[in-house]
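Have a look at the structure below, then the notes.
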Amino acid sequence: MRELAICFASGVLFAVGLAVSGMCQPAKVIGFLDPLDGWDPSLALVMVGAIGVHALAYVVASRLSRPLVNGVWRFPADWPLDRRLFGGAVLFGVGWGLGGVCPGPALTALWGGSIQMIVFVAAMVGGMALFEGWERAQARADG
Amino acid sequence: MIGLAASLLLLAHGRVAGISGILGGILTRNEAVAWRVAFLAGLAVGGLAIAATFPATMSMAGSRPLPLLLVSGVLVGFGTRLGAGCTSGHGVCGLSRRSPRSLVAVVTFMATGFASATALHVVTR
C-alpha cells in the first residue's frame, strides 16, 4: 500500500513538473521544435535539469542493493540498437513534431478537459492498440 | 520537479518513469498493473489540480487542428511502443543512466521532431 502511495505521489509531482515547465502547452513545444519562427530553447533546459537531478538518483541507486520500499531494480535494456528502436523513434519524433504533444504531457493536460487533448489521447491509445495488433500479426507470420 | 518525481519512483520502487511504457503496460494487461495505475492516477490528480489553479499552463492556444492531432497521436502511440520509450523514458530516465539505446532514440526523435515541425511550418506558410 505504501508502495502504491509513493507511485501516486510520484505521478502528482511529475504532472506538476510538466505543467510548470510548459510541456503541457503544445504551442510552446512547437516553438522548441520549429526554429523558423523565433526559436524557444527553454524546454531543452527543462530536460537537462531533469536529467541532472535524476542522474544523481542513479548514483544513489548504484549503492543500494535494492529499492528502498519494495521490489528489485528494473532497468530497461541498454542494447540492442536495432531497427525497432530506430523506427519507433522516427515515428514518435514525426508525430511529436506534427502535434507538439508527447505522452506525459498528454496524460496530464487531458485533465484540463480540452477537446484537443481528448482527441490526442484517444488517438495515442489507438496507436498503441494498433501496435499490439501489428505485433501479434508479426508473431503469427513468424510461426 | 520532473527529475525529483522520476527519482522518487526509481529509488522507492525500482522502476523507470517512462510514461508511454506505463500506459502501454496497462493496455497489454500482461505486466504489473497496480503501480502503473497508481502513477497515472497521480498524473490525473496533479493534472486536475493544475487545471483548477493555473489553467494557463494547459493553454491550447496555437495548438494544431484536430485532424492533425489525430494523426500525431496515432504516430506517437505506435512509435513509442515500437521504440520502447518517449521523452520521459528514453529522454529523462535513459539519458540519466547513459543508456546507449536511449541516446540513439533521443537523437533520432529529436531530429525527426525538428524535421516534421519545421516541414509543417514551411508547407503551411
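The values are calculated or read from the model by the stated rules, or taken from the named source; none is laboratory data. These figures come from a predicted structure and were not determined experimentally. Note: ideal-geometry Cβ built from the backbone for every residue, glycine included; neighbour counts use all protein chains shown. Side chains are part of the model used for accessible areas, which takes the heavy atoms of the whole protein and leaves out ligands, DNA and RNA. Shrake-Rupley method; radii C 1.70, N 1.55, O 1.52, S 1.80 Å.
Residues B:L70, B:L66, B:L103: which one is out of contact with any Cys (no Cβ under 9 Å at 6 or more places or on another chain), open to solvent by 50 Å² or more (accessible area, probe 1.4 Å), hydrophobic (A, V, I, L, M, F, W, C) and more than 7 Å from every other protein chain (Cβ to nearest Cβ)?
Criteria check complete, one pass: B:L103.
Anything in region B:12-42 that is facing another protein chain (nearest Cβ under 7 Å), open to solvent by 30 Å² or more (accessible area, probe 1.4 Å) and farther than 19 Å from A:L18 by Cβ? List them, or say none.
Hits for region B:12-42 are B:L27, B:T28, B:A34.
Out of the residues in region A:104-143 meeting the condition of being out of contact with any helix residue (DSSP H, G or I) (no Cβ under 9 Å at 6 or more places or on another chain) and assigned to a loop (DSSP other than H, G, I, E, B), tell me which one is farthest from B:F54 (Cα to Cα).
Among them, the one singled out is A:G143.
Only one of these is without any contact (Cβ under 8 Å) to a residue 40 or more places away in the chain, facing chain A (nearest Cβ under 7 Å), under 17 Å from the mean Cα position of the chain (by Cα) and within 17 Å of A:G99 (Cβ to Cβ): B:L82, B:L75, B:L95. Name it.
After ruling out the rest, the residue left standing is B:L75.
Scan region A:102-119 and report the pairs whose first residue is more than 7 Å from chain B (Cβ to nearest Cβ) and whose second residue is hydroxyl-bearing (S, T, Y) and crowded, with 24+ Cβ neighbours inside 10 Å, with Cβ atoms within less than 8 Å and a gap of 6+ or a chain change.
none
Within region A:23-39, is even one residue part of a loop (DSSP other than H, G, I, E, B), at the interface with another protein chain (Cβ under 7 Å from one of its Cβ atoms) and closer than 26 Å to B:G42 by Cβ?
yes
Which of (1) open to solvent by less than 50 Å² (accessible area, probe 1.4 Å); (2) more than 23 Å from B:S102 (Cα to Cα); (3) within 20 Å of the chain's Cα centre (by Cα); (4) of a type outside the set (A, V, I, L, M) does A:P105 not meet, given it meets every other one?
(2)
Going through region A:44-78 one residue at a time, which ones are farther than 15 Å from B:H90 by Cα and touching a Pro at 6+ places or on another chain (Cβ under 9 Å)?
A:A61, A:W73, listed by residue number.
Could you please give the count of residues in region A:31-66 that are open to solvent by 90 Å² or more (accessible area, probe 1.4 Å) and either β-branched (V, I, T) or in contact (Cβ under 8 Å) with a residue 24 or more places away in the chain (or both)?
1
Which condition does A:V72 not pass, out of (1) modelled with pLDDT of 95 or more; (2) part of a loop (DSSP other than H, G, I, E, B); (3) not charged (D, E, K, R), if it passes all the others?
(1) is the only condition that A:V72 fails.
Within region A:27-48, is there a residue that is more than 30 Å from B:T124 (Cα to Cα) and not acidic (D, E)?
The answer is yes; a qualifying residue exists.
Just to check your reading of the model, which residue among A:V90, A:V101 is part of a loop (DSSP other than H, G, I, E, B) and within 19 Å of B:A119 (Cα to Cα)?
A:V101
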